[in-house]
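Colleague: This structure is in structure tokens; I'll ask about it shortly.
The values are calculated or read from the model by the stated rules, or taken from the named source; none is laboratory data. Just so it is clear, the structure is predicted and the values come from calculations on it, not from any experiment. Cβ atoms come from the backbone with ideal geometry, glycine included; neighbour counts cover every protein chain shown. With ligands, DNA and RNA removed, areas are computed over all heavy atoms of the protein, side chains included. Shrake-Rupley method; radii C 1.70, N 1.55, O 1.52, S 1.80 Å.
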Amino acid sequence: MKTTPSFGRLGRLAGLLVAASVAVLSAPAGAQLSLTGSTPGASANASVNGGPLALGGLPSLTPVTGLLNGDLLTSVQKVLYGGRNDPFYDVNGVSTAGKKPGDILKSRTVLAPLYPEATVTQVMYVSTDHNGKLVPVTGTVLVPRLDLSGLVNLPLSVQGPLPTLPVVGELLGANLGVPVGGPKYKARPVVGITPGTRGMGDHCAPSQGFNAATISPLMVDYSVAEYHQLLLRGYVVAVTDYIGGGTQVPEPYLVGRPEGMAGLDVVRAALNLPNTGATKADSMIGLTGYSQGGQAAAWAAQLQPTYAPELNMKGVVAGGVVTDMNDLVDFFNQGGLINSGVLLAIMVGYDNAYPELNLKNYVKNDQAKKLFEAARTQCVYQELLAYPGLRSSDVTSPDFAQLPQFRARLKEQLLGTIAPRVPMYVYHGQLDNIVPYQFGERLRNSWCAQGATVEFRSGPYEHMAGIFLGAPGGVQFLADRFAGKAPISNCTAGGGGNRF
């Protein structure tokens, strides 16, 4: 069945968006609309067990955020696709029987106005969950439209910003020298992307942000500039949605092994696509990820020799890495942190992966239940900003974070116990306020002690800034590996210093 929107449907979509705009413009000054699309008239502030949960103390993201939430975006998709959600993401009836990881179950080319230099194809491919079961996962493969190989670091003068989303740090400024092209390769290199947290809402999946028909105003893709850098060097870029992203399947958020396997398998899927210039026999492979994606990339590096040994892996970039899940939960449970909503997502994600944890049995009250329900549908900026100061004991009783069975599952995700066999580039902000800097140092030290080749870089920046400040060094690291240059290892020197 065709899923291309008709002009008639696009007309109805325009009417829906106009109606939403009118509602925004006509909302009373200071109007408060729920970040989670809760019952009309309900307060934007919440209380848990009689205590205030300061949802209203932040600068208001409403009314726009309240209107452009998952409910409206679902309505938009239904206009486009004849009364249904986008059928591409429907896994009902999709079978993985007789398939192997990386096999493509379906694909489509989409209009992606943010990437004029690439052909953008969404894929549903086979990957492996934490139980070893084959499952469908979605992702996106971007293929450069121009063959820039043989043009080594030709400077591109960018007059004004590239057409990316208007977010501070995303825009490439005027006259910034962007390296273009690279050596003449036998086949195009492929770089797998393990994205940072986008949120558990299906509309937040990275692949939805590439498609003009499904892009969400709440799913700001903060890696746009990195994707452009990779494409301009002539690399095929393959981005995973992870298990559950977009497909209405519960997402095992921050469960490292399946994230790493999804990253390796989206590379396999890219190699299975025709007409990309990449081949299984000759393409060199790299991986890069930050934050949640750093955890996933690190797990992919550890698993690759046994899970995907056929990939010609040349190097892996892991930034802002979530090394120890137990310590991360303890860090957020200190209280007083503006981004503590991540705790809700972690508890939900692990309950999704391990239903025997029975999170529902520990939910404190109806208000806490609503917060957990919201976490299942929110994008990352809602998740980070909506629940400042929250602790797991505010929403669960007994405290879910202190349960031995939960702690045991967190411990299973500990990174650094297996030395990668490929050169690693690890970077971490010294002022990181979401994933503490010590996580990066600990991972470097663990891998170095086992003889791994690790280039470690750091600088005086916090977590969100690290997305923009650390990524260019990672791109250059991969370019150097593809060019055959000897890797740097600063295990004994202690690392430090940004590599821009």
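Colleague: Do we have Q413 as modelled with pLDDT of 95 or more and open to solvent by 50 Å² or more (accessible area, probe 1.4 Å) here? So that I can check it myself, show each step before the final result.
Modeller: Working: modelled with pLDDT of 95 or more: yes; open to solvent by 50 Å² or more (accessible area, probe 1.4 Å): no.
Spelling it out, it is not the case that Q413 is modelled with pLDDT of 95 or more and open to solvent by 50 Å² or more (accessible area, probe 1.4 Å).
Colleague: Is it the case that Q304 is touching a strand residue (DSSP E or B) at 6+ places or on another chain (Cβ under 7 Å) and of a type outside the set (G, A, S)?
Modeller: Yes.
Colleague: Same structure again: Could you check, for region 371-386, whether at least one of its residues is farther than 30 Å from V220 by Cβ, open to solvent by 70 Å² or more (accessible area, probe 1.4 Å) and in contact (Cβ under 8 Å) with a residue 12 or more places away in the chain? Steps first, please.
Modeller: Quick first cut of region 371-386, residues farther than 30 Å from V220 by Cβ only: none.
So far as region 371-386 goes, no, none of its residues is farther than 30 Å from V220 by Cβ, open to solvent by 70 Å² or more (accessible area, probe 1.4 Å) and in contact (Cβ under 8 Å) with a residue 12 or more places away in the chain.
Colleague: Can I ask one more? Within region 305-314, can one find any residue that is polar (S, T, N, Q), surrounded by fewer than 24 Cβ atoms within 10 Å (Cβ to Cβ) and under 25 Å from G470 (Cα atoms)?
Modeller: yes
Yes or no, residue by residue, for (1) modelled with pLDDT of 85 or more; (2) part of a strand (DSSP E or B); (3) open to solvent by less than 20 Å² (accessible area, probe 1.4 Å):
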| site | (1), (2), (3) |
| --- | --- |
| P155 | no, yes, no |
| L162 | no, no, no |
| E170 | no, no, yes |
| K186 | yes, no, no |
| S207 | yes, no, yes |
| N211 | yes, no, yes |
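Colleague: Test V363 against the stated conditions and say whether it is among the β-branched types (V, I, T) and open to solvent by less than 10 Å² (accessible area, probe 1.4 Å).
Modeller: Taking the combined requirement at face value, the residue does not satisfy it.
Colleague: Now a separate question. Which condition breaks for D265 when tested against (1) crowded, with 24+ Cβ neighbours inside 10 Å; (2) not in a helix (DSSP H, G or I)?
Modeller: The number of the failed condition is (2).
Colleague: Which of the residues spanning region 95-118 are farther than 29 Å from P309 by Cβ and either in contact with a Ser or Thr (Cβ under 7 Å, 6 or more places away or on another chain) or not hydrophobic (A, V, I, L, M, F, W, C) (or both)?
Modeller: Scanning region 95-118 gives R108, T109, P113, L114, Y115, P116, E117.
Quick grid of which residues meet (1) open to solvent by less than 30 Å² (accessible area, probe 1.4 Å); (2) in contact (Cβ under 8 Å) with a residue 40 or more places away in the chain; (3) over 20 Å from A375 (Cβ atoms); (4) within 24 Å of the chain's Cα centre (by Cα):
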site: D399; (1), (2), (3), (4): no, no, no, no
site: M424; (1), (2), (3), (4): yes, yes, yes, yes
site: I434; (1), (2), (3), (4): yes, yes, no, yes
site: T453; (1), (2), (3), (4): no, no, yes, no
site: R457; (1), (2), (3), (4): no, yes, yes, yes
site: Y461; (1), (2), (3), (4): yes, no, yes, yes
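Colleague: Kindly list, by first and then second residue, each pair from a residue in region 478-494 that is more than 16 Å from Q450 (Cα to Cα) to a residue that is open to solvent by 20 Å² or more (accessible area, probe 1.4 Å) and modelled with pLDDT under 95, limited to pairs with Cβ atoms under 7 Å and residues at least 6 apart or on different chains.
Modeller: A483/P183
Colleague: Ok, one more. Which members of region 268-304 meet the condition of being touching a Leu at 6+ places or on another chain (Cβ under 8 Å) and part of a loop (DSSP other than H, G, I, E, B)?
Modeller: Residues satisfying the conditions are A278, T279, K280, S283.
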